[in-house]
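The values are calculated or read from the model by the stated rules, or taken from the named source; none is laboratory data. Small disclaimer: the values here were computed from a predicted structure and weren't measured. For neighbour counting, all protein chains shown are included, and Cβ atoms are generated from backbone atoms with ideal geometry for every residue, glycine included.
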Amino acid sequence: MGLRRVAIVGAGLTKFMRRAEETGRELSFYAGKMALESAGMTLKDIQCVAESTAPDAFDGVHMNGEYLSDGSGGWRKPYLRSYVGGGSGVFVVIHGWYQVASGMFDTCLVVASEKMSSCHPHPQGAFLNIFDNFIERPLGCNLLWIFALEMNRYMTVHNISHEQIALVSVKNKRNALDNPVAQIPEKITVQDVLNSEVLAWPVHRLDISPTSDGAGALVLVSEELAYKYTDKPVWIDGVGWNLDTTYWTNKDLYYPRYVEKAAKMAYKMAGITEPRKEIHIAEPYDPFDYKELHHMEGLLLCEKGEAPKLTEKGVTQRDGALPTCPSGGLLGVGNPIAASGVMKVCEMFWQLRGEAGARQVTRDCKTALAQAWGDLMQVGTVVVLRK
Amino acid sequence: MKAITREMLGGTPLKEKDFEKGRVLYYDDHLRTAYNWDAGVAMGKFLQGLKEGKIYGVRCSKCKRVVTPPRVFCEECYAPIEEWVELKDTGVIDSFSICYVRWDASRIKKPEVPAIILIDGADRAGIMHKLGEVDPKKVKIGMKVKAVWKRKKERTGSILDIKYFKPIK
């Protein structure tokens, strides 16, 4: 395709928090600086900046990308913000990849930050604007509805129990106990999830990730420069993204076909024909526990309806054959929208390099995957990474 | 690089007492913006239909699929849609929830039952609405439902002209 191979050579995160003292620009700076320093670089080495943050309504700052640009290291540089709702955090890595793969730039700093705590009384107020103006918003809907409808459909089609789904929340929150970034690491049981408050049946409180403030950053460089900055580059060998219709009530929610299309695009680019064998570790997007399972199926990491069974068997634990969300995921680490996707890519970067510390998975991993999802049950964003 | 530690990470989590003691400052504002959205060609006619107590769909000129809510182009074929079809005001529950919270996370005692209803006469095309006249615990996916309309003179050309859908045999 005439594209250059692109390496990740540095990664940085802030803590994820319910409410941070810092502004979005300050959080961006901390994550960006940490990523640059981890690669032994300064901003002078960076030729362009790819930034992402959720739509402006969350912050109440119009053109929020411009506001965040200095904290992201983007001033007087080719700077561009991209976002696709919850899919943004992986999409911005694809956006950064393109800048370098295309040959336009040799180095790119990718930064994503989020301040969800600014929107009062609850950031759901901003989420509501995604529903159809005419036939959905007048119903007085809230964001939980679409997740509850999707979860119920998924459970009913495959005859999946809530106990099976709750195992994901138990696993991810426990994995987060080893993650210094984490906002709500916890040791809980399946029964705790089932006994937690019913918010929008079948969704209970412990099925859901929290709202968060936080930032993440990555440094991408061309193949020619990779070994100048590290002896352990992690290669972005496949990228894929796909957007489905906004007529979300017209499709069968039991399966995310847009995630499958995004995954197939990334697998093709990476030369992967058997993802179940060739993907060794994954960070599927888990804003709700059932969504990790839903996404594993869309990513073709198992058959439709099979993800709960793999989870029950322990396959997705850190010592399993296909560890998923070893970071602790959004359920345990937190969900500062765009930053959470970058967090997933950071985790895969550290896992492939053997630098994940207490979170390091047992099996040897050469190929990793990170995925995010967003909009009105609409977008899938996928990257395939290799060491 | 060594594994990350808490000390390496920027960010200061705030606690309630930070605000109580005035240690951190903030600025509060309310953005006031008002909008007046044009319903458009397809949705405009759909809303007119609701005023008349009818649910309209459209048929794609190319794939012949009948869908609702109406649109002037088929998103699958990218072909024009001009044919209007009157659908039934009955359908099947494709999925539902029993919801105890409002958008601002405040709690409600009597739960709402939002649902996706596949409208009869369309090809697997659902719309979102609420269910009524039913014990939430007895709702099942696959149940047949029918629209309960507001009285004619109360209808305004809004999705709320349908009060809710109720189960039928």
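A few comments on the model shown:
- The residue that is farthest from A:THR14 (Cα to Cα), counting only those in region A:26-76 that are crowded, with 17+ Cβ neighbours inside 10 Å and of a type in the set (D, E, K, R), is A:ASP45.
- Hey, A:LYS171 within 30 Å of B:ARG6 (Cβ to Cβ), part of a helix (DSSP H, G or I) and more than 10 Å from chain B (Cβ to nearest Cβ) or not: yes
- Subset of region A:106-122 (residues that are among the small types (Gly, Ala, Ser) and more than 10 Å from chain B (Cβ to nearest Cβ)): A:ALA112, A:SER113
- Verdict on B:GLU86 being closer than 20 Å to B:GLY49 by Cβ, more than 7 Å from chain A (Cβ to nearest Cβ) and either touching a residue at least 24 places away in the same chain (Cβ under 8 Å) or polar (S, T, N, Q) (or both): yes
- Tally, over region B:106-122, of residues that are outside any strand (DSSP E or B), more than 9 Å from chain A (Cβ to nearest Cβ) and either farther than 30 Å from A:PRO121 by Cα or small (Gly, Ala, Ser) (or both): 2
- For region A:123-149, a residue qualifies if it is crowded, with 19+ Cβ neighbours inside 10 Å, at the interface with chain B (Cβ under 7 Å from one of its Cβ atoms) and touching a residue at least 12 places away in the same chain (Cβ under 8 Å), and the qualifying residues are A:CYS141, A:ASN142, A:LEU144, A:TRP145, A:ALA148, A:LEU149.
- Residue within region A:42-53 that is under 21 Å from the mean Cα position of the chain (by Cα) and facing chain B (nearest Cβ under 10 Å) present: no
- The residues of region B:76-105 that are in a loop (DSSP other than H, G, I, E, B) and farther than 16 Å from A:GLU150 by Cα, listed by number, are B:GLU76, B:CYS77, B:TYR78, B:ALA79, B:ILE81, B:GLU82, B:LYS88, B:ASP89, B:ARG102, B:TRP103, B:ASP104, B:ALA105.
- Where A:PHE105 falls short, out of the listed (1) modelled with pLDDT under 95; (2) buried (at least 18 other Cβ atoms within 10 Å of the Cβ): (1)
- Condition broken by B:VAL148, with the remaining ones in (1) modelled with pLDDT of 95 or more; (2) in a loop (DSSP other than H, G, I, E, B) satisfied: (2)
- Which numbered condition B:LEU47 fails, given (1) within 9 Å of chain A (Cβ to nearest Cβ); (2) of a type in the set (A, V, I, L, M, F, W, C); (3) in a strand (DSSP E or B): (3)
- For A:GLU163, the test of being surrounded by fewer than 24 Cβ atoms within 10 Å (Cβ to Cβ) and assigned to a loop (DSSP other than H, G, I, E, B) is failed.
- Condition check for B:THR68: more than 10 Å from chain A (Cβ to nearest Cβ) and of a type in the set (S, T, N, Q): no
- Once region A:336-387 is narrowed to residues that are among the β-branched types (Val, Ile, Thr) and part of a helix (DSSP H, G or I), the residue that is farthest from the other protein chains (Cβ to nearest Cβ) is A:ILE337.
- Residue in region A:341-359 that is surrounded by the fewest Cβ atoms within 10 Å (Cβ to Cβ), counting only those that are small (Gly, Ala, Ser) and under 19 Å from A:ASN172 (Cβ atoms): A:ALA358
- Here A:GLU163, A:GLU186 are screened, and the one residue that is modelled with pLDDT of 95 or more, over 24 Å from the mean Cα position of the chain (by Cα) and of a type outside the set (Phe, Trp, Tyr) is A:GLU163.
- Taking every residue in region B:1-15 that is within 7 Å of chain A (Cβ to nearest Cβ) and in a loop (DSSP other than H, G, I, E, B) and pairing it with any residue that is of a type outside the set (Asp, Glu) and surrounded by fewer than 13 Cβ atoms within 10 Å (Cβ to Cβ), at least 6 positions away or on another chain, the pairs with Cβ-Cβ distances below 8 Å are B:ALA3/A:ALA358; B:LEU14/B:VAL24.
- Per-region count, region B:63-75, residues in contact (Cβ under 8 Å) with a residue 24 or more places away in the chain and part of a strand (DSSP E or B): 2
Okay, residues lined up against (1) within 9 Å of chain A (Cβ to nearest Cβ); (2) more than 28 Å from B:LEU160 (Cβ to Cβ):
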position	(1), (2)
B:GLY22	no, yes
B:ASP28	yes, yes
B:ALA39	yes, no
B:PHE73	no, no
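- Exactly one residue out of A:ALA39, A:ALA7, A:ALA20, A:ALA31 is out of contact with any Phe, Trp or Tyr (no Cβ under 8 Å at 6 or more places or on another chain) and within 30 Å of A:ALA270 (Cα to Cα): that is A:ALA31.
- Those residues of region B:50-62 which are in a loop (DSSP other than H, G, I, E, B) and within 22 Å of the chain's Cα centre (by Cα), in sequence order: B:GLU52, B:GLY53, B:LYS54
- Which numbered condition A:HIS122 fails, given (1) over 17 Å from A:LEU199 (Cα atoms); (2) assigned to a loop (DSSP other than H, G, I, E, B); (3) not β-branched (Val, Ile, Thr): (1)
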